[in-house]
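Data block below; observations after.
The values are calculated or read from the model by the stated rules, or taken from the named source; none is laboratory data. The structure displayed is predicted, hence computed values, not measured ones. No Cβ is skipped: glycine too gets one built from the backbone with ideal geometry, and neighbour counts run over all protein chains shown. Keep in mind that these areas ignore ligands, DNA and RNA; they rest on the heavy atoms of the full protein, side chains included. Shrake-Rupley method; radii C 1.70, N 1.55, O 1.52, S 1.80 Å.
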Amino acid sequence: METKKFTIGQLIKGYKNKSVSPREVLDYVFSNIKLYEPKINSFVTLMEEYAYKSVESLSFDEIDSKPLWGVPVAIKDNMCVNGFKTTCSSKILEPFTPIYTATAVQRLIDAGAIVVGKTNLDEFAMGSSTENSAFFTTSNPWDIDRVPGGSSGGSASAVAARFVPLATGSDTGGSIRQPASFCGVVGFKPTYGTVSRYGLVAFASSLDQIGPFATKVKDVEAAFSVISGKDEMDSTSHPYVFSPVDKNIKEYKIGIVKELYETEGFDSEVLDSLNNVIRLLKSEGCKVDFCSLPHLQYSLPVYYLVATSEASSNLARFDGVRYGLRVEGKDIIETFLQTRGRGFGSEVKRRIMLGTYALSSGYYDAYYLKASKVRTLIVNDFEKAFGEYDCLICPTSPTTAFKKGDKTNDPLSMYLSDIATIPVNLAGLPGISIPVGLDKKGLPIGLQIIGKPFNDNDVLNFASKIESIINFEAEPSLLGGR
């Protein structure tokens, strides 16, 4: 099978004209995984037997009613699939097997998708490189000495390596968009609430959002149309109904986020790529201008107070009593201490301690409350900008993929990897990363497009228009030079 035809649209077309069958596609998927997975390490759990049984249950009569009929999909391992381990790439959940399936995953299955495995991540989705996994580090298919980004690095690398045409991720501060940028694929973080979080292991509940990875914008759109909408199991979910739009690119007024263009720390090649996009948009008749988000400079400290506070609360449930790992002590307190001490990795412990401190008596007003107030100022900045512009654009990440180990001993440097994506989560907005070029090392560069809340369809339409203009067709060369 040609990798350029390994898209949802091409697969469905092939199924309908019977030039290929779902079983043949599954054979291709698992043969590819067996060949390249030892280099990439995308998967924590492979579900080969389950996948073949799922294919056998497909009925060709349903191909027009199920938009993802026969499409292989990989699931980030912080989303529950009934009967299969959900580890969050953590020792503390290594033995945990859920007895239900996350709503977003179930909707993919109901639409005909075939789950082939669970993918690696930074432990509890805390990280920007997938080096914080308790099991192994995932490699970037473009250069296996480099990280795939994080925390959804396993899903991004699985799509980049053409193991699957579709994967899920979760995005709390950029965990879909940043690895999409590093791996040269499309990653979409929908508006907060448009996709149910039921069955997603919580990291920071006011920020977490499930979204899809694929190689084409139309493919993430197809997945989003399936997984979005109200879910009675998640009180924060919104009755969003996706309807595609086909607006001409000339009708868009685009703002370039000045604070993410002039800030030090962005690679010159990343900014050159953005400048090239700006020139292309202007040549297409699109209105483009700079806009300012003056409180954006406070996004990182606000995020690391809000997210760690919510994480310290959410992760309190992992105590050796109700889930996963249990290390016996002489009494219940020692059992808690031993279980959490051995079960959590260093980055998770760091964030739990930060969050616990911020929420502690005497410090709540000074840290968490103040951060929440500044978060509102950031939201207000976006609202003001969207009074003038339809979409905002900026680089997804300040750099291309960095080498393994380069930032593991410097957490502040690692946190800066998400400087362009975190503000979008704080404001609950839709954001997408699409590949727009390669740097001189042959590594992908991503462009982030940000939209108004619940204008996800508009963001996807604009991203699709840019994608068709740029026509990024490069593929990782390390996988046999395909």
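Over the range 347-469, the Kirkwood radius and the radius of gyration, each from Cα atoms, give a ratio Rg/Rh of 1.04. Straight-line cross-link partners of K349 among the aspartates and glutamates, defined as a Cα under 18 Å from its Cα and at least 8 positions apart when in the same chain: E94, D122, E123, E131, E310, D319, E334, D410. Computed over neighbours whose Cβ is under 12 Å from that of K250, the net charge equals +2, Lys and Arg +1, Asp and Glu -1. Using a probe of 1.4 Å, the accessible surface attributed to C391 totals some 0 Å² when neighbouring protein chains are kept in position. Across all directions, the average projected area of the convex hull around the alpha carbons of the range 71-189 is 6.5 nm². Legend: translational diffusion of the range 12-115 by Stokes-Einstein, Rh = Kirkwood radius over C-alpha pairs, 4 °C, 1.567 mPa s; D = 88 µm²/s. With 19 Å as the limit on Cα-Cα distance, the pairs of K53/K118; K13/K118; K85/K404; K253/K465; K39/K440 that go past it are K13/K118; K85/K404; K39/K440. May I ask for the net charge around V379, where only other residues with Cβ less than 14 Å from the Cβ of V379 are counted and Lys, Arg are +1 while Asp, Glu are -1? Local charge sum for V379: +2. Here the range 205-344 yields Rg over Rh of 1.12, to two decimals, using C-alpha coordinates and the Kirkwood radius.
If you count only protein heavy atoms with a 1.4 Å probe, what accessible area per residue comes out for the chain, rounded to a whole Å²?
Result: 38 Å² per residue.
Legend: helices of the chain (whole DSSP H runs) are marked when their alpha-carbon atoms reach 24 angstrom or more along the helix axis and their mean Kyte-Doolittle hydropathy is at least -1.0; marked are 22-40.
Evaluated at q = 0.12, 0.16, 0.19, 0.27 Å⁻¹, the base-10 log of the normalised Debye intensity for the range 404-482, with identical point scatterers placed on the Cα atoms, takes the values -0.50, -0.82, -0.99, -1.18. Our compactness index for the range 134-204, the C-alpha radius of gyration over the empirical 2.2 N^0.38 Å, is 1.10. Of the residues A316, T400, F336, the one whose Cα sits farthest towards the positive end of the charge dipole of the range 278-417 is F336 (charges of +1 on Lys and Arg Cβ, -1 on Asp and Glu Cβ, taken about the Cα centre).
Note that the range 63-74 has calculated 3J(HN,Hα) couplings of 5, 7, 9, 10, x, 10, 4, x, 8, x, 9, 9 Hz, one per residue in order, obtained from phi through the Karplus relation 6.51 cos²θ - 1.76 cosθ + 1.60 (θ = phi - 60°); glycine and proline are x. How big, in percent, is the set of alpha carbon pairs in the range 77-139 lying more than 20 Å apart? Result for the distance tail: 30 percent.
Panel note: the C-alpha atoms of the range 349-420, placed on their principal axes, show extents of 42, 38, 12 Å (largest first).
Rg/Rh, computed from the Cα trace of the range 286-423 with Rh as the Kirkwood radius, has the value 1.09.
Provide the percentage of antiparallel DSSP beta bridges, counting only those with both residues in the chain; round to the nearest 5. The antiparallel proportion sits near 65 percent. Amide H contacts of D77: T119, each under 5 Å away and 5 or more positions distant or on a separate chain (H built 1.01 Å from N in the peptide plane; Pro and chain starts excluded). Put simply, when 91-100, 145-154, 109-118 are sorted by average Cβ atoms within 10 angstrom per residue, most first, you get 145-154, 109-118, 91-100.
Proximity of backbone amide H atoms, modeled 1.01 Å from N, is registered between V115 and V73 at under 5 Å, excluding neighbours fewer than 5 places apart on the same chain. Across the range 83-99, coupling constants 3J(HN,Hα) worked out from phi with the 6.51/-1.76/1.60 Karplus curve, θ = phi - 60°, read x, 10, 4, 10, 9, 6, 6, 10, 4, 6, 10, 4, x, 7, 10, x, 10 Hz, and Gly and Pro carry x. Only protein heavy atoms count here; under a 1.4 Å probe, D61 has an accessible surface of about 140 Å². Accessible-area rank, largest first, for S268, S228: S268, S228, with all protein chains present and a 1.4 angstrom probe. Applied to the range 190-195, the Karplus parametrisation 6.51 cos²θ - 1.76 cosθ + 1.60 on θ = phi - 60° returns per-residue 3J(HN,Hα) values of x, 4, 3, x, 6, 10 Hz, with x for Gly and Pro.
Here the accessible area is traced with a 1.4 Å probe on the protein chains. For the chain, carbon and sulfur cover 51 percent of it. Here the Kirkwood formula, the inverse mean of 1/r across different C-alpha pairs, assigns the range 121-252 a hydrodynamic radius of 15.1 Å. Ranked by the mean number of other Cβ atoms within 10 Å per residue, highest first, peptides 131-137, 218-224 order as 218-224, 131-137. Each listed q (0.07, 0.10, 0.14 Å⁻¹) maps to a log10 I(q)/I(0) for the chain from the Debye sum over equal C-alpha point scatterers, namely -0.33, -0.68, -1.40.
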